[in-house]
Amino acid sequence: MTRLAVLISGFGSNLQAVLDATSSGLLPGVEVALVVSNRKEAYGIQRAIRAGVPVVYFPLAPYTQAGRPRTDYDADLASLLEAFRVEWVVLAGWMHVLSNAFLLRFPQRVVNLHPALPGAFPGTNAIQRAYEAFQRGEIARTGVMVHLVPDEDVDAGPVVAQEEVPIFPQDSLADLEARIHAVEHRLLVQALGQLLCSPSSQGASR
Ligand code: GRF
């Protein structure tokens, strides 16, 4: 089995999509071996517990309070994943930017989900910023992308899958969020299938 870690900070609906896909056979040979949350109140923790998947709350605050550099946190996070024999890492609403102290431990094995098209609205609140740009007449559509994370650039890297999402004039922000999240849940599973389950991905497990 190819062992995934899913890193979350919040609601965990994308984690749920991955859990559902692994348990329903949509991602054959793939298992979620570990969920990590940097926030204690993240609802995704309950989803992991319900699915019987190990979950670790791993906050940054003790490091910053002790005056330790961010790279210590990232290196310890990588060690945690290695202890669970994790091979691939999925950032599903993870609200930290990972440094090379983490990324170099999982080269070409970190996958990020971004609720906008490649190159558009990197960083937080991407859906809201796209919505506001639409209101100003600057864009006609937005989208979702799944990409590899080769370096410390935010929401950038080789695109694995992308899909446009329309914005309609009558949309509320909540309407657009719901439409984007539905695409995210499908596209993330599709991208993981391409990376981990397609014939060309033989050897994805190391
Ligand atoms: C998603 O929109 C993801 O693209 C963004 O944060 C959100 C996480 O949602 N980076 P959830 O926690 O998976 O429900």
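A few remarks follow.
- Helix 70-83 vs. the chain, principal-axis angle (Cα, 0 to 90°, nearest 10): 70
- Sorted peptide list for 14-24, 74-84, 58-68, criterion being average Cβ within 10 angstrom, highest first: 14-24, 74-84, 58-68
- Each principal axis of the Cα cloud of the range 19-114 was evaluated for its coordinate range; sorted largest first, these ranges are 44, 30, 27 Å.
- Distant-in-sequence amide H partners of residue 56 (H built 1.01 Å from N, under 5 Å): 35, 36, 37
- Sorted into 5 angstrom bins from 0, the C-alpha pair distances of the chain split as 1, 7, 15, 19, 20, 17, 10, 6, 3, 1 percent.
- Once the convex hull of all Cα atoms in the range 61-111 is built, its volume per residue stands at 78 Å³.
- Cα gyration tensor shape for the range 138-205, rounded if a/c is under 1.5, else prolate or oblate: prolate
- Each residue of the range 181-196 is assigned a 3J(HN,Hα), and the resulting list reads 4, 4, 5, 4, 4, 6, 5, 5, 5, 4, 5, 5, x, 4, 6, 10 Hz, derived from the Karplus form 6.51 cos²θ - 1.76 cosθ + 1.60 (θ = phi - 60°), x at Gly and Pro.
- Angle between the chain longest axis and helix 13-23 axis [Cα atoms, degrees, rounded to 10]: 60
- Compactness of the range 90-172, taken as the C-alpha radius of gyration over 2.2 N^0.38 Å, stands at 1.18.
- Dipole axis of the range 31-182 (+1 Lys, Arg; -1 Asp, Glu on Cβ), positive-most option in 125, 110, 86: 86
- A straight line joining the Cα centroids of the range 49-82 and the range 1-48 runs 16 Å.
Any read-out appearing in this document is the output of simple, stated calculations on the displayed coordinates, not a laboratory observation. What you are looking at is a predicted structure, and each value in this text was computed from that prediction instead of being measured. So basically every Cβ, Gly included, is an ideal-geometry build from the backbone, and we count neighbours across all protein chains shown.
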